[in-house]
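Colleague: Submitted below is the structure of interest, expressed as structure tokens.
The values are calculated or read from the model by the stated rules, or taken from the named source; none is laboratory data. Everything numeric in this text was worked out from a predicted model, so none of it was measured. Cβ: placed from backbone, ideal geometry, glycine included. Neighbour counts: every protein chain shown.
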Amino acid sequence: MKRLILAVNLTVIAFAAAAQAQVPAQTRTGSDEQALIKMENEWLQAFFANDGAVADRFLADDYMGTDEHGDIKNKAQEITEIKGGAHLSTSGVLDNLRVRVYGDAAVVTGRRIMKGLFQGKEYRSPYLWTDIFIKRGGRWQCVASHVSKAIPQGK
């Protein structure tokens, strides 16, 4: 009988500990999602301000990204493009953001609509993208990215 009571008590304690461990993880996931959305918005603004410092924080040292032309770039190449003003967009907006956190890894997807001038003509281009993040040393960094130009439906 004592063994049964001990087994029941241990089971109750184990379930209680597991339930308590779940709460911080859920709260952390929510705050991680918000942090990643904030980072994505800062990353977007870095293109308009030619801000290489944001790119340096956002991108991991081992980052590899594929752009809408199929070109693969590392962190140094991305920073050089941003600082040099290679991106012609002057404004943009993110929408349809989805964040999925898997412990110390996360996938963020969305759409951005970029506006700007190219050869004296205004343009508006929608892009779909996926960014993959790893949390290292308590800090999220993008390790991989893929961007594709959204094709309007019916084409």
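Colleague: Please identify the pairs in which a residue from segment 38-50 that is over 17 Å from Gln141 (Cβ atoms) has its Cβ atom under 8 Å from the Cβ atom of a residue that is surrounded by fewer than 20 Cβ atoms within 10 Å (Cβ to Cβ) and of a type in the set (S, T, N, Q), counting only partners at least 6 apart or on another chain.
Modeller: Within 8 Å, the pairs are Phe47/Ser89; Phe48/Ser89; Phe48/Thr90; Phe48/Ser91.
Colleague: Still on this structure: Return yes or no: is Thr80 more than 12 Å from the chain's Cα centre (by Cα) and assigned to a helix (DSSP H, G or I)? Walk me through it before giving the result.
Modeller: Values: more than 12 Å from the chain's Cα centre (by Cα): yes; assigned to a helix (DSSP H, G or I): yes.
Yes.
Colleague: Looking at Leu97, is it modelled with pLDDT under 90, hydrophobic (A, V, I, L, M, F, W, C) and more than 23 Å from Ala53 (Cα to Cα)?
Modeller: So Leu97 fails the test.
Colleague: Quick check on this structure: which one of Tyr127, Tyr123, Tyr102 is aromatic (Phe, Trp, Tyr) and over 22 Å from Glu33 (Cβ atoms)?
Modeller: None of the other options fit; the residue is Tyr123.
Colleague: Shifting gears a bit: May I ask you to list the residues in segment 100-135 that are out of contact with any Asp or Glu (no Cβ under 6 Å at 6 or more places or on another chain), more than 21 Å from Thr66 (Cα to Cα), at pLDDT 95 or above and assigned to a strand (DSSP E or B)?
Modeller: Passing the criteria: only Tyr102.
Colleague: Filter segment 81-113 down to residues that are touching a strand residue (DSSP E or B) at 6+ places or on another chain (Cβ under 7 Å) and either within 22 Å of Val143 (Cα to Cα) or touching a residue at least 60 places away in the same chain (Cβ under 8 Å) (or both), then give me how many there are.
Modeller: First, the residues of segment 81-113 that are touching a strand residue (DSSP E or B) at 6+ places or on another chain (Cβ under 7 Å): 88-100, 104-113.
Narrowing the set further to residues that are either within 22 Å of Val143 (Cα to Cα) or touching a residue at least 60 places away in the same chain (Cβ under 8 Å) (or both) leaves 94-100, 104-112.
The total comes to 16.
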